[in-house]
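K.L.:
My questions will all concern the structure given below.
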Amino acid sequence: MTDYKQQLLDRLENRTAKVGVIGMGYVGLPLAVEFARAGYQVVGLDVLPDKVAMLNAGKSYIPDVPTETLAPLVESGHLRATTTYGDLIDADVISICVPTPLRKTKDPDMSYVIAAADEVAKVCHAGLLVVLESTTYPGTTDEVIVPRLIKDGLAVGKDVFVAFSPERVDPGNPTYGVYNTPKVVGGVTPACVEAVTKLYEPAVETVVPVSSTAAAEMVKLLENTFRAVNIGLVNEMAIMCARLGVDVWEVINAAASKPFGFMPFYPGPGLGGHCIPIDPLYLSWKLRALNYTARFIDLASEINTSMPYYVIDLVMEALNDDGKSVKGSKIGVLGMAYKRDIDDVRESPALDIHELLEEKGASVTFNDPYVPNVRLSGNRTATSVELTAEWLAEQDCVVIVTDHTDYDPAFLLEHAKLIVDTRNKIKKQTGNARVVTL
Ligand code: SAJ
């Protein structure tokens, strides 16, 4: 009688384990790299052939994974990519890192997870460890992954091993990556926890086991709900401070002098990214099914999604002071990415602001050194314009939406007439332009 748990532990211990990672995106690729660095044989699976071809050529398309890091791992054979699930037939571990977006109706879109789980079921065998990394509602691993793996009579914790481990990738973070960010793991059974801990131990500095997959799923949702709610709080503080004639940035920075019991968050033009605006709504959706209303999540979402409209109000008031209307004005948007120094525009509030200004009749152009072009509604594409003194001078108003480090406040102040600064980028207002800050 084969002891599949021991067989798996041995393969992980001596690094002969073959690890499949499904989804070569901003989560899967950095994870695949750390598994390869740890010495495992890693096969990265993605549905996009172009991504697979680039990876097999040792070229990275994820800014957080330099090509210089990736190439040697491909050359040494520790990492290769494929579009074929059949290549995972002899995997000892399969990690699922696929998107968990929202549908237009704001409820979870589990189609990517289900599609991946159905494919994993086809290559499932005794001795396999499956880890779900995609952020999702509590219960997903037990309710969606497990049933697909045990259909041929395999027993969880004896023949197959199943766990959840939330991804904690912070795109563009120069300090924390997969290796030095503690990894929370929750297993269906104690044997599953033992196996998933053994998997991660050589690939990350710290493994943090919790008692169940639901606990691990909930850890991630607490982390991101914490951010969404606090960002919503500080966005409302910005609106209240504006009503009071108080500088919210001064208030936050002074509050941040408190060495305990306070953590600064900063107001902005809205909440972007594929995580913070979305993950908490997975939790509130799940609780609605249990007849409970997650009021903090709903309120934070309401405030955060209202911020682009608040920015439009600031622009209208600023132009009005100059005797102008939005309609017919030339407005330049600085930064389309959802946060500084990255190229990702998913859920970016800049897209809303660009569209809302156009709807009010403004002629809108944008500059973003990281985003050469963006897709707008109606299948239109807008292209980033060069940030020149001439372009700035042509604008009736310039809106700083993403405070990329590339933007030089002195240059903006020298050449723009009116700046609406939603990120407090223009700390000192010496210069020609009139500046309105969120
Ligand atoms: N934002 C604010 N005010 C703040 C902080 C952020 O308006 O004080 C905005 C940002 O501009 C951005 C959005 O919120 O539009 C999300 O910001 P974020 O810093 O949470 O960035 P993400 O979503 O790329 O990364 C986050 C991780 N960030 C940090 O921990 C700092 C973390 O929450 C998760 O590991 C990751 O999402 C994820 O994948 O869940």
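The values are calculated or read from the model by the stated rules, or taken from the named source; none is laboratory data. From a predicted model like this one, the values you see are computed outputs, not experimental measurements. Here Cβ is always computed from backbone atoms with ideal geometry, including for glycine, and neighbour counts include all displayed protein chains. Heads up: the accessible areas ignore ligands, DNA and RNA and are worked out on the full protein's heavy atoms, side chains in. Shrake-Rupley method; radii C 1.70, N 1.55, O 1.52, S 1.80 Å.
K.L.:
Any residue that is buried (at least 24 other Cβ atoms within 10 Å of the Cβ), more than 14 Å from the ligand (Cβ to nearest atom), over 24 Å from Gly39 (Cβ atoms) and at pLDDT 95 or above - is there at least one of those in the stretch 174-186?
P.N.:
Yes, the stretch 174-186 has at least one match.
K.L.:
Now for a separate question. Checking the structure you have, find out if any residue of the stretch 109-125 is within 18 Å of the chain's Cα centre (by Cα) and buried (at least 21 other Cβ atoms within 10 Å of the Cβ).
P.N.:
yes
K.L.:
Within the stretch 204-240, restricting attention to residues that are among the small types (Gly, Ala, Ser) and not in a loop (DSSP other than H, G, I, E, B), which residue is surrounded by the fewest Cβ atoms within 10 Å (Cβ to Cβ)?
P.N.:
The extreme case among them is Ala215.
K.L.:
Is one or more of the residues making up the stretch 120-139 assigned to a helix (DSSP H, G or I), closer than 21 Å to Asp90 by Cβ and either in contact with a His (Cβ under 6 Å, 6 or more places away or on another chain) or among the β-branched types (Val, Ile, Thr) (or both)?
P.N.:
For the stretch 120-139, residues assigned to a helix (DSSP H, G or I), closer than 21 Å to Asp90 by Cβ and either in contact with a His (Cβ under 6 Å, 6 or more places away or on another chain) or among the β-branched types (Val, Ile, Thr) (or both): present.
K.L.:
Oh, and also: Which residue is farthest from the ligand (Cβ to nearest atom), if the candidates are limited to the stretch 241-256 and must be under 29 Å from the mean Cα position of the chain (by Cα) and open to solvent by 80 Å² or more (accessible area, probe 1.4 Å)?
P.N.:
Among those residues, the one meeting the criterion is Glu250.
K.L.:
Restricting to the stretch 301-315, give me the number of residues that are more than 18 Å from the chain's Cα centre (by Cα) and surrounded by 17 or more Cβ atoms within 10 Å (Cβ to Cβ).
P.N.:
Counting residues in the stretch 301-315 that are more than 18 Å from the chain's Cα centre (by Cα) and surrounded by 17 or more Cβ atoms within 10 Å (Cβ to Cβ) gives 8.
K.L.:
Which residue is farthest from the chain's Cα centre (by Cα), if the candidates are limited to the stretch 385-405 and must be under 17 Å from Val345 (Cα atoms) and surrounded by fewer than 18 Cβ atoms within 10 Å (Cβ to Cβ)?
P.N.:
Val385
K.L.:
If you don't mind, another one. Could you say which residue among Thr305, Thr197, Thr293, Thr206 is among the polar types (S, T, N, Q), within 16 Å of the ligand (Cβ to nearest atom) and more than 21 Å from Ser348 (Cβ to Cβ)?
P.N.:
One residue alone meets the criteria, Thr206.
K.L.:
Of all residues being within 16 Å of the ligand (Cβ to nearest atom) and aliphatic (A, V, I, L, M) in the stretch 257-290, which is most open to solvent (accessible area, probe 1.4 Å)? Just the residue, please.
P.N.:
Filtering the stretch 257-290 for residues that are within 16 Å of the ligand (Cβ to nearest atom) and aliphatic (A, V, I, L, M), the one most open to solvent (accessible area, probe 1.4 Å) comes out as Met263.
K.L.:
Looking at the stretch 324-379, what strands (runs of 3 or more DSSP E) fall wholly within it and have at least 1 residues that are within 16 Å of the ligand (Cβ to nearest atom) and open to solvent by less than 60 Å² (accessible area, probe 1.4 Å)?
P.N.:
330-334, 373-376
K.L.:
Do any residues in the stretch 122-139 that are more than 20 Å from Lys183 (Cβ to Cβ) and in the same structural domain as Ala163 (by TED's automatic domain parsing) have Cβ atoms under 6 Å from those of residues that are surrounded by fewer than 24 Cβ atoms within 10 Å (Cβ to Cβ) and among the β-branched types (Val, Ile, Thr), where the two are at least six apart or on different chains, and which pairs are they?
P.N.:
If the second residue must be surrounded by fewer than 24 Cβ atoms within 10 Å (Cβ to Cβ) and among the β-branched types (Val, Ile, Thr), the pairs left are Val123/Ile89.
K.L.:
Next up: Given the criteria more than 30 Å from Asp313 (Cβ to Cβ), open to solvent by 30 Å² or more (accessible area, probe 1.4 Å) and of a type in the set (Asp, Glu), does Glu201 qualify?
P.N.:
For Glu201, the condition - more than 30 Å from Asp313 (Cβ to Cβ), open to solvent by 30 Å² or more (accessible area, probe 1.4 Å) and of a type in the set (Asp, Glu) - is met.
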